[in-house]
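Worksheet: one structure, shown below.
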Amino acid sequence: MINTPSVPKPGESTTLWLIKLLTGPILLVVALIHMAVNHYIGSIGGLLSHAEVVAYYQSWYIPVMEAIFLTTVIAHALIGVRGIILDLKPAPALLRILDWIFVVVGVGFVIYGMWLLAAVAALG
Amino acid sequence: MAEQWNITLVIRRQKQGQQPYDQEFKMEANPDENVIDLVERVWAFHDKTLNYAHACHHSTCGACGMRVNNVEKLTCITPVRSVVSNGGTLRVDPMRNFPVISDLAVDMGELYRRMELVGHHPVNSDRQEAIQKEFRPAGPADPGEDFIRLSDCIECGLCMSACPIVGSTPDYLGPAPLAGAHQAGLASNPKLLDIVGGTDGVWRCHSAYECTAVCPSNVDPGWRIMELRRMLIGEKLKSWFSPRKSVEVSK
Amino acid sequence: MSKPRIIVIGAGFTGVATAHDLALRGCEVTVVERGPIANGTSGRTHGLLHSGGRYAVKDQESAIECIDENMILRKIVPTVIEPNGGLFVALNEQDVAYGEDFIAGCEACHIPIEELTPKQVLAMEPNLNPGVLAAFTIPDGTFDPLRLALSFAATAKKHGAKFLLYHEVKGLLMDGQGNVTGVKVLDLPANKELELHADMVVNATGAWVGEITVMAGAQVPIQPTPGIMVAFDQRIAQRVINRLCPPADGDIVLPQRRMMVIGTTSFTAENLDYIPIIDEQIDLMLERAYELAPALKSAKLRGIYNATRPLIGSGAPGRSVARTFKCFDHKETDNVDGFVTITGGKATTLRAMAEKTTDIVLGKLGLNIPCQTMDYPLISYREFYALNN
Amino acid sequence: MNTNPNIFTRILSWFDPRGKTLGTYGFMLNRITALGLTLYLFLHLIVLGTLAQGPDAYDNFLKLIENPILKFGELLVVAAVFLHGLNGIRIGLNSFGIAVPRQREFFIGVVVLSLIAIAFFGWRMYFA
């Protein structure tokens, strides 16, 4: 017989899916802006030097946008990769460890990213 | 005598505990007959130890699902003309993702158990089955009352064989049971919401739509999985904003 | 006396129903079948839950069996039945004339019918032939053949019956005095031969019974009579549509899921394992289907197949042979004990056939246990897979 | 269902194209681009650490990625963003029951749009 609903508590998958679903479009818009910036603003070729990057981060809205981009892309990516791993049906114990790794990596990189943003903005 | 083609039929053979191997049969075939007729002729005239599942021969029982040239087909309604040309080769394999009993016969037990788990109705009201607007409702336009008839889903397992995720994830409910849950209606069984919304439910589906591509009887599991997602998201948002009084779910 | 051990050969309607009745009455049953469930005639019936109407004039014994069993099946296994009733329609004067005998016949066989005016019947089924002259309602229905068989098999399994599918009977085990004591079976998937002993062997192989009886040096007057059936890919009616006439080719078209199935013809064949489709018969079926419901002209063909009726009686071939069933105790007919053959009958009468067979089998074993299957609800056909014995 | 414990055959089964329709190619593309983008994401974040170490660290890192292979890698990332992003929108909308019967055409649109964008970005990166 199929085992009881899998280890994570019911309804949790819907929440994770919703996060992935909501971060997706935000992420795509910001990513396109992010890529456009790299190729247009600044000298013809985009942000091609340290100085130009620092100058780019001097306004208030760019760091906020980049921070949103940072958190949404990390959340989306990790939930997605977790989904792929779930497709391979890891053992519940392994899944619990992996969940911990995902959380640690996710929060860790968000903090690191925020610190980097602040540092670059401060250089201005 | 109707037109006769010469074709080579390659059947995947496997007896318990032995390595699978391909067996070739050169035979004459009428392009308008169905693949199951060829398999039956091989059984009747060449090799009575060939095991294959079949019963109704007109797509109501769902027993004769196989992979024909690597595509899941209900072999009783797959004309020879549609899968091979004169002088060509036709490959028949058992369905994927089900344990093989022997040769082309697979054990569909797990699919039946899950259909029972989600409470799929074997007979259902005609209107309830033809719920999707794109469906042409079975039967005359509007004969007045609603009729009870055998469900669209014939539990043939083709979608379960075609789905890439069922292949890698044994516990994933799979397209047919999820479509069965949608047909049964989430309100029919309060536990259903958590089974369908769990990690082995609709969130494992990755929109390959292979199930809808191979479904021989209009169930369109892909569409029904997305409908279940819409209901689940609705339920989740409702539970965030107003505590979940009763599981009131729109069909 | 411990539980009687019975082997049933064949897992078509008769086999699974007999296994259910035997198990319900406390026997230890093993069903042996060379293929999957209902892969023979049982699978390939068009699925008519017969009301007996077609036989109400010429074969009232069969008709009464059908209507009684029709009502029982609706009660004990509703989850595999489309209970939408049926119609007998007259398309010409000759049909209308047949009406009187039809009414009298149904009366005699307590088959409830109701006459309709052409306007009424066309309102109920708009896709009928507009030229309909008279019509009667009839309690016909449709069922899914495999699921009907699985329902009986699942309930039998719940009471301990064992099903050995893909096991082919190679021979009968006999004792010194020419009585049957078991079967020699080849397990096809494992390619192993094994011997099963039992107090009684029931031969329920339908049209193939001759192939088993010959193993015991016995014989039955079986007359396999195949008939063609054609399935269309559109359901253009909600009820079974019968032509108001004596049994004839292509006299019925019935709805099943999203299809209509037209049947049938009647001819003879030697090799029962493979009966080729005869093209002329397809054209005949199409012509008769279009007569009953012209709307089918726009439908495409979905499946074409033959099913072999296990008719009994060495008399004239084809239709006039009795449609009822018979259980042969080979002790009486061929002085071979421990061996019983049950064949003939209609799909709808599978429960009654099982009851009669079980009565005979238990009688031969000196047991007298009443039958209860007439009001014993069958469990879900899916349980056949959930229970693993 | 598939009781095959071997993890690699199960992963390979995702990418077996035999007898598959467009939807599965969408699924395969989405999966490959997802893994590629995630790898790039974390590499990108780590590498940008050089920004904090001052102008020379970052500037000669920029020279480092001028070589053609890494430049082509960047183009792949751009391609992955468009393909994964637009296909994700398709799956997202489908999850609300939108455009499901037209999901095949939707996917073809996604691929065409992405190819145009990739061509545009490629031209800018190599020739502008």
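The values are calculated or read from the model by the stated rules, or taken from the named source; none is laboratory data. Keep in mind that what you see is a predicted model, and the values were worked out from it rather than measured. FYI the Cβ positions are ideal-geometry reconstructions off the backbone, even for glycines, and counts take in every protein chain you see.
Quick one: what pairs do we get from the stretch D:93-107, first residue in contact (Cβ under 8 Å) with a residue 40 or more places away in the chain, second aromatic (Phe, Trp, Tyr), C-beta under 9 Å, 6+ apart or different chains?
Cβ pairs passing all conditions: D:Gln103/B:Tyr209; D:Gln103/B:Trp223; D:Arg104/B:Tyr209; D:Phe107/B:Tyr209; D:Phe107/D:Tyr25.
Take the conditions buried (at least 19 other Cβ atoms within 10 Å of the Cβ) and assigned by TED's automatic domain parsing to the domain that holds C:Glu61 and apply them to C:Leu254. Does it pass?
It is true that C:Leu254 is buried (at least 19 other Cβ atoms within 10 Å of the Cβ) and assigned by TED's automatic domain parsing to the domain that holds C:Glu61.
Tell me which residues, restricted to the stretch D:69-105, are surrounded by fewer than 21 Cβ atoms within 10 Å (Cβ to Cβ) and touching a Lys or Arg at 6+ places or on another chain (Cβ under 8 Å).
Once the filter is applied, which keeps residues that are surrounded by fewer than 21 Cβ atoms within 10 Å (Cβ to Cβ) and touching a Lys or Arg at 6+ places or on another chain (Cβ under 8 Å), the stretch D:69-105 yields D:Phe96, D:Gly97, D:Ala99.
Checking C:Val336 against (1) over 22 Å from C:Arg243 (Cα atoms); (2) at pLDDT 95 or above: exactly one of these is not met. Which one?
If we test C:Val336 against (1) over 22 Å from C:Arg243 (Cα atoms); (2) at pLDDT 95 or above, just (2) comes out false.
If the requirement is being in the same structural domain as C:Glu355 (by TED's automatic domain parsing), assigned to a strand (DSSP E or B), of a type in the set (A, V, I, L, M) and in contact with a Phe, Trp or Tyr (Cβ under 9 Å, 6 or more places away or on another chain), which of these qualifies: C:Val201, C:Val169?
Only one candidate qualifies: C:Val201.
Looking only at the stretch C:249-303, count every residue that is more than 13 Å from C:Arg235 (Cα to Cα), among the small types (Gly, Ala, Ser) and not in a loop (DSSP other than H, G, I, E, B) and tell me the total. Talk me through it step by step, then tell me what you get.
To start, the set of residues in the stretch C:249-303 that are more than 13 Å from C:Arg235 (Cα to Cα) comprises C:249-252, C:263-288, C:290-292, C:303.
Applying the additional criterion that residues be among the small types (Gly, Ala, Ser) yields C:250, C:263, C:266, C:269, C:303.
Adding the requirement that they be not in a loop (DSSP other than H, G, I, E, B) leaves C:263, C:303.
Looking only at that region, the number is 2.
Taking the stretch C:95-111 as the region of interest, how many residues are assigned to a loop (DSSP other than H, G, I, E, B) and in contact with a strand residue (DSSP E or B) (Cβ under 8 Å, 6 or more places away or on another chain)?
Summing the residues that are assigned to a loop (DSSP other than H, G, I, E, B) and in contact with a strand residue (DSSP E or B) (Cβ under 8 Å, 6 or more places away or on another chain) in the stretch C:95-111 gives 1.
Residues of the stretch A:52-74 being closer than 16 Å to D:Val81 by Cα and in contact (Cβ under 8 Å) with a residue 40 or more places away in the chain, which ones?
Across the stretch A:52-74, the qualifying residues are A:Phe69, A:Leu70, A:Thr72, A:Val73.
Tell me which helices (runs of 4 or more DSSP H) are completely within the stretch A:10-97 and hold 1 or more residues being modelled with pLDDT of 90 or more and more than 14 Å from chain B (Cβ to nearest Cβ), or say none if there are none.
In the stretch A:10-97, the matching helices (runs of 4 or more DSSP H) lie at A:12-40, A:61-86.
Restricting to the stretch D:18-61, name every residue that is loosely packed, with under 15 Cβ neighbours inside 10 Å and not in a helix (DSSP H, G or I).
Correct list: D:Arg18, D:Gln53, D:Gly54.
Within the stretch B:112-131, track down each residue that is touching a residue at least 12 places away in the same chain (Cβ under 8 Å), facing chain C (nearest Cβ under 8 Å) and in a helix (DSSP H, G or I).
Correct list: B:Tyr112, B:Met115, B:Asp126.
Residue by residue, here is whether (1) of a type outside the set (S, T, N, Q); (2) surrounded by 23 or more Cβ atoms within 10 Å (Cβ to Cβ); (3) out of contact with any helix residue (DSSP H, G or I) (no Cβ under 8 Å at 6 or more places or on another chain); (4) at the interface with another protein chain (Cβ under 9 Å from one of its Cβ atoms) holds:
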position	(1), (2), (3), (4)
B:Ala179	yes, yes, no, no
B:Val196	yes, yes, no, no
B:His206	yes, no, no, yes
B:Cys215	yes, yes, no, no
B:Phe241	yes, no, yes, no
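Select from the stretch B:180-231 the residues that are β-branched (Val, Ile, Thr) and either under 15 Å from B:Val118 (Cβ atoms) or over 12 Å from the mean Cα position of the chain (by Cα) (or both) and list them in ascending order.
Answer for the stretch B:180-231, where residues must be β-branched (Val, Ile, Thr) and either under 15 Å from B:Val118 (Cβ atoms) or over 12 Å from the mean Cα position of the chain (by Cα) (or both): B:Ile195, B:Val196, B:Thr199, B:Val202, B:Val219, B:Ile225.
Taking the stretch B:4-39 only, how many residues are within 11 Å of chain C (Cβ to nearest Cβ) and over 26 Å from the mean Cα position of the chain (by Cα)?
Result for the stretch B:4-39: 3.
Would a scan of the stretch B:96-109 turn up a residue that is over 29 Å from B:Cys211 (Cβ atoms), charged (D, E, K, R) and more than 7 Å from chain C (Cβ to nearest Cβ)?
Among the residues of the stretch B:96-109, not one is over 29 Å from B:Cys211 (Cβ atoms), charged (D, E, K, R) and more than 7 Å from chain C (Cβ to nearest Cβ), which makes the answer no.
Quick check: anything in the stretch B:78-86 surrounded by 22 or more Cβ atoms within 10 Å (Cβ to Cβ), more than 8 Å from chain C (Cβ to nearest Cβ), farther than 24 Å from C:Leu164 by Cβ and of a type in the set (A, V, I, L, M)?
Yes: one or more hits.
Hey, among the residues in the stretch C:83-94 that are in a loop (DSSP other than H, G, I, E, B) and in contact with a helix residue (DSSP H, G or I) (Cβ under 8 Å, 6 or more places away or on another chain), which one's nearest to the other protein chains (Cβ to nearest Cβ)? Spell out how you get there, then give the answer.
Of all residues in the stretch C:83-94, those in a loop (DSSP other than H, G, I, E, B) come to C:83-85, C:91-92.
Those still in the list that are in contact with a helix residue (DSSP H, G or I) (Cβ under 8 Å, 6 or more places away or on another chain) too: C:83, C:91.
On the way: C:Pro83: 6, C:Leu91: 19 Å.
Only one residue tops the list, namely C:Pro83.
Determine which single condition D:Leu22 fails, assuming it passes every other condition in (1) closer than 26 Å to A:Leu32 by Cβ; (2) away from chain B (no Cβ under 14 Å); (3) of a type in the set (A, V, I, L, M).
(2)
Could you tell me how many of the residues in the stretch B:41-64 are outside any loop (DSSP other than H, G, I, E, B) and surrounded by 24 or more Cβ atoms within 10 Å (Cβ to Cβ)?
Result for the stretch B:41-64: 0.
Facing another protein chain (nearest Cβ under 9 Å), among the acidic types (Asp, Glu) and free of Cβ contacts under 8 Å to residues at least 12 places away in the same chain: does that describe C:Asp279?
Values: facing another protein chain (nearest Cβ under 9 Å): yes; among the acidic types (Asp, Glu): yes; free of Cβ contacts under 8 Å to residues at least 12 places away in the same chain: yes.
Yes; evaluated as a whole, the condition is true for this residue.
Does C:Gly15 meet the test of being at positive phi and not aromatic (Phe, Trp, Tyr)?
On the way: at positive phi: no; not aromatic (Phe, Trp, Tyr): yes.
Answer is no for this residue.
Considering only residues of the stretch C:129-140 that are in contact with a Lys or Arg (Cβ under 9 Å, 6 or more places away or on another chain) and surrounded by fewer than 24 Cβ atoms within 10 Å (Cβ to Cβ), which is nearest to C:Glu114 (Cα to Cα)?
Taking the candidates together, the pick is C:Thr137.
Considering only residues that are under 26 Å from C:Ala248 (Cα atoms) and either among the hydrophobic types (A, V, I, L, M, F, W, C) or part of a loop (DSSP other than H, G, I, E, B) (or both), which ones fall in the stretch C:13-37?
Scanning the stretch C:13-37 gives a single hit, C:Phe13.
So the check is Cβ under 8 Å with 6+ separation or different chains; which pairs have a first residue in the stretch D:26-55 that's closer than 26 Å to A:Ala121 by Cα and a second one that's aromatic (Phe, Trp, Tyr) and at pLDDT below 90?
If the second residue must be aromatic (Phe, Trp, Tyr) and at pLDDT below 90, the pairs left are D:Val47/D:Phe61; D:Thr50/D:Tyr58; D:Thr50/D:Phe61; D:Leu51/D:Tyr58.
I'd like the full set of residues that are closer than 21 Å to C:Leu150 by Cβ and assigned to a helix (DSSP H, G or I), limited to the stretch C:58-82. Quick ask: steps written out before the conclusion?
Here is the first cut: in the stretch C:58-82, the residues closer than 21 Å to C:Leu150 by Cβ are C:69-70, C:72-82.
Once the filter is applied, which keeps residues that are closer than 21 Å to C:Leu150 by Cβ and assigned to a helix (DSSP H, G or I), the stretch C:58-82 yields C:Glu69, C:Asn70, C:Ile72, C:Leu73, C:Arg74, C:Lys75, C:Ile76, C:Pro78, C:Thr79, C:Val80.
Determine whether the stretch C:157-177 contains at least one residue that is surrounded by 23 or more Cβ atoms within 10 Å (Cβ to Cβ) and over 25 Å from the mean Cα position of the chain (by Cα).
Among the residues of the stretch C:157-177, at least one is surrounded by 23 or more Cβ atoms within 10 Å (Cβ to Cβ) and over 25 Å from the mean Cα position of the chain (by Cα), which makes the answer yes.
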